[in-house]
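Everything below concerns the one structure shown next.
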There are 2 protein chains.
Amino acid sequence: VSSIQDLRTPALVLDRGVLARNLESMARRLQGLGVALRPHMKTAKCAEIAALAVRGQPGGITVSTLKEAAYFAGGGFRDITYAVGISPDKLDEVASLRRQDVELRILVDDAGVAREVAARGRRLGTTFPTLIEVDTGAHRGGVDPEGPELLEIARVLGGKGGARLDGVLTHAGHAYACRSVEEIRSVATEERAGVVRAAERLGCLGLDCPTVSAGSTPTAVHAPALDGVTEMRPGNYMFFDLFQEGLGTCRREDIAISVLATVIGHCPRHRRILIDAGALALSLDTSACRFSEDIGYGVVVDASGAEVVPGLHVARVHQEHGFVEAREPLPFHRLPIGSRVRILPGHACITAAMFDRYHVTEDGERVVDTWSRVSGW
Amino acid sequence: VSSIQDLRTPALVLDRGVLARNLESMARRLQGLGVALRPHMKTAKCAEIAALAVRGQPGGITVSTLKEAAYFAGGGFRDITYAVGISPDKLDEVASLRRQDVELRILVDDAGVAREVAARGRRLGTTFPTLIEVDTGAHRGGVDPEGPELLEIARVLGGKGGARLDGVLTHAGHAYACRSVEEIRSVATEERAGVVRAAERLGCLGLDCPTVSAGSTPTAVHAPALDGVTEMRPGNYMFFDLFQEGLGTCRREDIAISVLATVIGHCPRHRRILIDAGALALSLDTSACRFSEDIGYGVVVDASGAEVVPGLHVARVHQEHGFVEAREPLPFHRLPIGSRVRILPGHACITAAMFDRYHVTEDGERVVDTWSRVSGW
């Protein structure tokens with residue numbers, strides 16, 4: 001395969017030039033704010049992309065599953081933060097990665113779990129490097145930065161071995177509910193203040209807190225300052241998507257991935273064009289529709305990435321069918337059966353996860369490489 | 001692994017006894033109506049399940065992608081209908097499966113495509129067995145059973161070789177929009193009437209029409225009669241789900257799959273329990289919510305399948321987090337961190353596709369086998 005016209009569809013296409021520009025831009029921005037970048041690999045799930053994302057950085061990465069941790073450890077990454085709250089049943093697997101010399105950091109927000117982590121570490125003859133998750137407004141996991149649980153967990157982790165307190169971590173997931181860049185700045189300020197406050201409280205106890213970790217793509221892009229934060233963990237910024245465009249975090253031309261699909265049917269009576277990318281290829285993520293009704297399951301452009309008619313989008317999906325519609329008359333003659341289109345994703349993290357590989361392109365057309373993705377658990 | 005308590009989560013669990021009961025019940029029902037069963041493997045995507053589903057049947061199956069066709073051909077299936085409209089770029093792959101002695105039937109609803117199919121068949125020295133797709137109300141693909149396109153396509157396929165007219169096919173996708181069993185019966189009657197009418201019109205032209213194919217799970221379960229139809233293609237009935245329960249097509253105890261997850265956090269302040277199954281494990285299919293607000297991304301039961309509190313469900317998801325909520329006070333003490341829960345899927349076809357294997361259980365607890373799934377394109 002040397003052209004996207006030869007790919008079997010649906011296929012996930014990654015523009016290498018746009019990816020490089022996105023990585024460079026985030027690295028430069030965080031450098032300016034004096035903060036290390038620990039890229040979250042939950043979006044890309046790909047060793048080649050991780051290698052590009054850590055260039056000029058300390059080299060640590062973030063993952064969302066232990067399967068990713070094992071995959072990236074196999075790819076030579078030795079400094080990994082598993083940024084989902086640990087449950088005790090997963091500790092044996094963490095210990096097994098620790099024995100392979102992986103500095104795999106885990107996350108707790110519960111004193112009972114912290115006690116089990118320490119006890120298991122002692123029993124297994126290992127030390128689990130552990131971060132305390134802090135809730136700075138997202139109300140997912142995490143302790144109150146002002147509450148007593150923070151100090152209780154810190155004392156457990158700083159106790160009799162088996163665990164080591166490495167610092168604090170937060171994720172401002174509520175940045176995704178923002179309506180303006182001003183609101184994102186305000187969430188970023190809250191995120192910074194909360195996680196830095198938690199670190200200061202640990203410091204007052206005489207506890208070392210080397211890691212003060214924050215970040216989501218919106219707050220990494222718009223944070224006015226990051227004093228006291230040691231690292232940021234954005235992930236989506238590598239690809240961006242229509243949701244991030246709606247938030248004001250990227251421009252449309254910064255979207256690095258798209259789903260290539262083939263026109264398989266014309267329904268002039270019902271004003272739709274059918275494509276071979278449906279619920280499984282595009283995912284069912286319609287979160288970006290809050291910015292425009294003309295997004296649906298993704299915006300449709302031609303194979304070169306150019307607009308066909310304004311507002312052309314995938315309005316409905318079945319398992320393997322997409323229904324392409326627009327307010328304007330549909331351009332049936334410009335999209336004959338067999339022709340190719342691209343769908344820009346509403347939410348890149350979820351759409352990319354529907355595929356097992358990237359077809360890497362240059363100049364939008366030439367396929368220069370194939371990179372595989374890790375998936376599952 | 002011998003117990004579901006030892007599985008790494010999230011994991012897809014399949015109850016073998018419920019599966020067997022569902023297969024048996026559909027086979028018996030269609031036998032009573034005098035119609036063959038050509039099970040749609042788009043839901044299960046698994047050779048072991050396909051082998052069980054064709055027992056006592058002619059042996060043909062239905063698939064939704066050419067990847068499935070190649071996978072099942074590799075598993076010994078030789079009679080396969082690819083029930084998504086063909087585009088000419090896929091014909092070389094179809095021809096390659098034809099050369100492996102697979103009777104791979106394709107679908108057209110456009111005279112131009114039919115001409116390309118026949119021309120390509122002649123050029124490649126093969127004959128493509130082809131069905132004409134008929135629209136009986138779903139308005140996805142398909143020609144009007146009363147319109148001129150049906151006869152035009154039939155003439156092209158019956159022409160100078162390269163293609164062979166095998167019959168007509170329809171899918172009453174609009175059965176999923178029904179509000180009552182009465183409505184499903186009426187859609188099933190429309191589906192039967194439309195596809196049989198199309199076959200009769202071809203018969204009047206003196207054309208042979210051996211296949212008259214219909215079916216969705218709701219219409220297969222509720223069709224009052226299927227005279228003139230030669231085969232039905234349900235797929236979801238193997239597993240069923242909360243959507244089918246809402247439609248009145250199954251009972252809750254007929255749901256054969258669930259996602260096993262682990263409790264990873266308690267948030268009493270925000271009245272939620274966090275689990276390690278999120279958007280990627282459960283999928284974002286919330287279509288079943290039209291039957292109840294207490295479904296969300298799936299209904300939560302305990303590891304044995306029993307209700308914990310009424311209305312416990314996954315109300316929100318992030319990529320790897322599920323937020324379990326209920327109207328009633330949450331049973332934190334009964335679901336400690338580290339304990340296991342099961343999530344019944346809203347839409348089994350989409351949720352199952354998030355996993356690469358089934359953990360096959362008996363008695364809900366004992367894991368007796370692991371069956372892999374085909375995925376991607």
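Just so it is clear, none of the values below were taken in a lab; they were calculated from the coordinates. All values reported here derive from a predicted model rather than from experimental measurement. We place every Cβ from the backbone using ideal geometry, glycine too, and count neighbours over all the protein chains shown.
Return the long-range amide H neighbours of B:Arg164 (sequence gap of 5 or more, or a different chain), with a cut-off of under 5 Å between placed amide H atoms.
B:Phe128, B:Thr130
Placing a label point 7 Å from Cα toward Cβ, how far apart in nm is A:Gly147 from its equivalents in the other copies, listed shortest first to one decimal?
Here A:Gly147 shows inter-copy label distances of 6.0 nm.
Could you tell me the largest-minus-smallest coordinate of the C-alpha atoms of the range B:258-333 on each of the three principal axes, in descending order and whole angstroms?
30, 26, 25
Using θ = phi - 60° and the Karplus form 6.51 cos²θ - 1.76 cosθ + 1.60, what ³J(HN,Hα) does each residue of the range A:172-179 get, whole Hz, x for Gly and Pro?
Whole-Hz 3J(HN,Hα) from phi for the range A:172-179: 7, x, 6, 4, 6, 8, 5, 10.
Using just the Cα positions, wrap chain B in a convex hull and report its mean projected area in square nanometres, one decimal place.
Result: 18.3 nm².
Starting from the Cα-Cα distance between A:Ser2 and A:Arg334, subtract it from 0.36 nm times their residue separation and give me the gain in nm to one decimal. Let's see the in-between values first.
Working: separation 332, 0.36 × 332 = 119.52 nm, distance 2.38 nm.
Extra length from A:Ser2 to A:Arg334 when fully extended: 117.1 nm.
Express as a percent, rounded to the nearest 5, the fraction of DSSP beta bridges in the protein assembly as shown (both residues included) that run antiparallel. Before the final figure, lay out the partial values.
On the way: 62 of 118 bridges.
Among the beta bridges of the protein assembly as shown, antiparallel pairing accounts for roughly 55 percent.
Would you please name the trypsin sites (Lys or Arg not before Pro) within the range A:239-327 that are DSSP coil residues with at most 10 other C-beta atoms within 10 Å of their C-beta?
Working: sites: A:Arg251, A:Arg252, A:Arg269, A:Arg271, A:Arg272, A:Arg290, A:Arg316, A:Arg327; in loops: A:Arg251, A:Arg271, A:Arg327.
Here the trypsin sites (Lys or Arg not before Pro) that fit, given the DSSP loop and packing criteria, are A:Arg251.
Name the chain B residue nearest the rotation axis between B and A, going by Cβ position, and give the distance in whole Å.
Taking the axis that maps B onto A, the answer comes out as B:Leu284, 2.
Name the aspartates and glutamates eligible as straight-distance cross-link partners of A:Lys160: C-alpha to C-alpha under 17 Å, and not fewer than 8 places from it in the same chain.
A:Glu116, A:Glu152, A:Asp208
For n ≥ 4 DSSP H runs only, could you compute -39500 (n - 2.57) per run for chain B, divide by its residues and tell me the 222 nm figure to the nearest 500? Mind dumping the intermediate values first?
Numbers: 11 runs with 111 residues, N = 377.
Calculated mean residue ellipticity at 222 nm is -8500 deg cm²/dmol.
5 Å is the cut-off here: which amide hydrogens, built 1.01 Å from N in the peptide plane, fall below it relative to A:Gly265, excluding neighbours closer than 5 in sequence?
Here A:Leu274 satisfy the definition.
Could you pull out the GluC sites (Glu not before Pro) across the range B:261-329 that fall in loop regions by DSSP (anything but H, G, I, E, B) with no more than 14 other Cβ atoms inside 10 Å? Please report the intermediate quantities before stating the final value.
Values: sites: B:Glu293, B:Glu307, B:Glu320, B:Glu325; in loops: B:Glu293, B:Glu307, B:Glu320.
Sites meeting the loop and neighbour criteria: B:Glu293, B:Glu307.
Using a Förster distance of 56 Å, how high is the FRET efficiency between A:Arg327 and A:Arg123, based on the Cβ-Cβ distance and rounded to 0.05? Can you show the working numbers first?
Numbers: r = 64 Å, r/R0 = 1.14.
The pair A:Arg327/A:Arg123 has a calculated efficiency of 0.30.
Let me confirm one metric for peptide B:270-280, namely the mean number of other chain beta-carbon atoms within 10 Å of its residues' beta-carbons.
Working: counts 3, 0, 2, 0, 6, 1, 9, 1, 3, 8, 11.
So the per-residue partner count for this stretch is 4.
Based on the Cβ-Cβ distance from B:Glu253 to A:His270, what FRET efficiency comes out when R0 is 41 Å, to the nearest 0.05? List each step's numbers first, then the result.
On the way: r = 38 Å, r/R0 = 0.93.
Rounded to the nearest 0.05, the efficiency is 0.60.
Would you mind counting up the charge near A:Ser375? Only other residues with Cβ under 13 Å from its Cβ, with Lys and Arg at +1 and Asp and Glu at -1. Before the final figure, lay out each step's value.
Details: positive: A:Lys42, A:Lys45, A:Lys67, A:Arg357, A:Arg373, B:Arg357, B:Arg373; negative: A:Glu68, A:Asp356, B:Glu320, B:Asp356.
Neighbourhood net charge equals +3.
For chain B, modelled as a Gaussian network with Cα springs under 10 Å, which listed residue fluctuates most, B:Val134, B:Val63, B:Val113?
B:Val113
Looking at A:Leu247, A:Ala303, A:Ile273, which one has the Cα that reaches farthest to the positive end of the dipole of the range A:211-346 (charges on Cβ: Lys, Arg +1; Asp, Glu -1)?
Comparing the listed Cα positions along the dipole, A:Ile273 ranks first.
Can you classify the range B:276-377 as rounded, prolate or oblate using the Cα gyration tensor, where a ≥ b ≥ c are the square roots of its eigenvalues, rounded means a/c under 1.5, and otherwise it's prolate if a/b beats b/c and oblate if not? Walk me through the numbers before you get to the answer.
Details: a/c = 1.86, a/b = 1.25, b/c = 1.49.
Taking the square roots of the gyration eigenvalues as a ≥ b ≥ c, the range B:276-377 is oblate.
Kirkwood Rh over Cα pairs of the range A:31-75 into Stokes-Einstein at 20 °C, 1.002 mPa s: D in µm²/s?
Working: Rh = 10.9 Å.
In µm²/s, the coefficient is 197.
In whole Hz, with x marking every Gly and Pro, tabulate ³J(HN,Hα) for the range B:318-325 from phi via Karplus 6.51 cos²θ - 1.76 cosθ + 1.60, θ = phi - 60°.
Going residue by residue, I get 10, 3, 10, 10, x, 9, 8, 9 Hz, with x marking Gly and Pro.
Under the definition of partner shielding as Cβ atoms of other protein chains within 10 Å of a residue Cβ, what is the mean value for peptide B:82-91?
Details: counts 0, 1, 9, 7, 5, 14, 5, 12, 6, 1.
Whole-number average of other-chain Cβ neighbours for B:82-91 is 6.
Please report, for B:Thr127, the nm distances (one decimal) from its label point, 7 Å out from Cα along the beta-carbon direction, to the equivalent points in the remaining copies, shortest first.
7.6
How big is the charge dipole of chain A about its Cα centre, in debye rounded to the nearest 20, if each Lys and Arg gets +1 on its Cβ and each Asp and Glu gets -1 on its Cβ? Can you show the working numbers first?
Working: 43 positive and 47 negative charges, 102 e Å.
For this selection, approximately 480 debye.
With the calculation restricted to Cα positions, what are the radius of gyration and Dmax of the range A:198-332 in angstrom?
20.6, 73
Along the charge dipole of the range B:95-207, pointing to its positive end and built from +1/-1 on Cβ of Lys, Arg, Asp and Glu, which listed residue (B:Cys204, B:Ala118, B:Gly142) has its Cα farthest out?
Comparing the listed Cα positions along the dipole, B:Ala118 ranks first.
Can you give the Rg and Dmax of the protein assembly as shown based on its C-alpha atoms, in angstrom?
My reading of the Cα-based Rg and Dmax gives 26.8, 92 Å.
Would you mind getting the Kirkwood hydrodynamic radius of the range B:110-182 from its Cα pairs, rounded to one decimal in Å?
Evaluated over the range B:110-182, this radius sits at 13.2 Å.
Run through the other copies and list how far each one's label point is from that of B:Gly305, in nm with one decimal, shortest first; the point sits 7 Å from Cα along Cα-Cβ.
5.1
Counting only other chains, and only Cβ atoms inside 10 Å, what mean value do you get across the residues of B:260-268? Before the final figure, lay out each step's value.
Numbers: counts 0, 1, 4, 2, 13, 13, 5, 6, 0.
The shielding value for this peptide is 5.
Would you mind checking which residues have amide H under 5 Å from B:Thr81's amide H? H placed 1.01 Å from N; only 5 or more apart, or other chain.
Correct list: B:Ile61, B:Thr62, B:Val63, B:Arg105.
Give the shape of the range B:1-111 as rounded, prolate or oblate, defined through the alpha-carbon gyration tensor: a ≥ b ≥ c are the square roots of its eigenvalues, a/c under 1.5 means rounded, and otherwise the shape is prolate if a/b is larger than b/c and oblate if not. Before the final figure, lay out the partial values.
Numbers: a/c = 2.32, a/b = 1.44, b/c = 1.62.
In terms of gyration-tensor shape, oblate.
For A:Lys42, which lysines qualify as cross-link partners when the Cα separation must be under 18 Å and same-chain residues fewer than eight apart are set aside?
A:Lys67
Convert each backbone phi in the range A:246-252 into a coupling constant with the Karplus relation 6.51 cos²θ - 1.76 cosθ + 1.60 (shift: θ = phi - 60°), then list the ³J(HN,Hα) values in order as whole Hz, x for Gly and Pro.
Using θ = phi - 60°, the values come out as x, 5, x, 9, 8, 9, 4 Hz.
Counting Lys +1, Arg +1, Asp -1, Glu -1, what net charge surrounds A:Arg16 among other residues with beta carbon under 11 Å of its beta carbon?
Values: positive: A:Arg21, A:Arg366; negative: A:Asp15, A:Glu48, A:Glu362, A:Asp363, A:Asp369.
So the surrounding residues net to -3.
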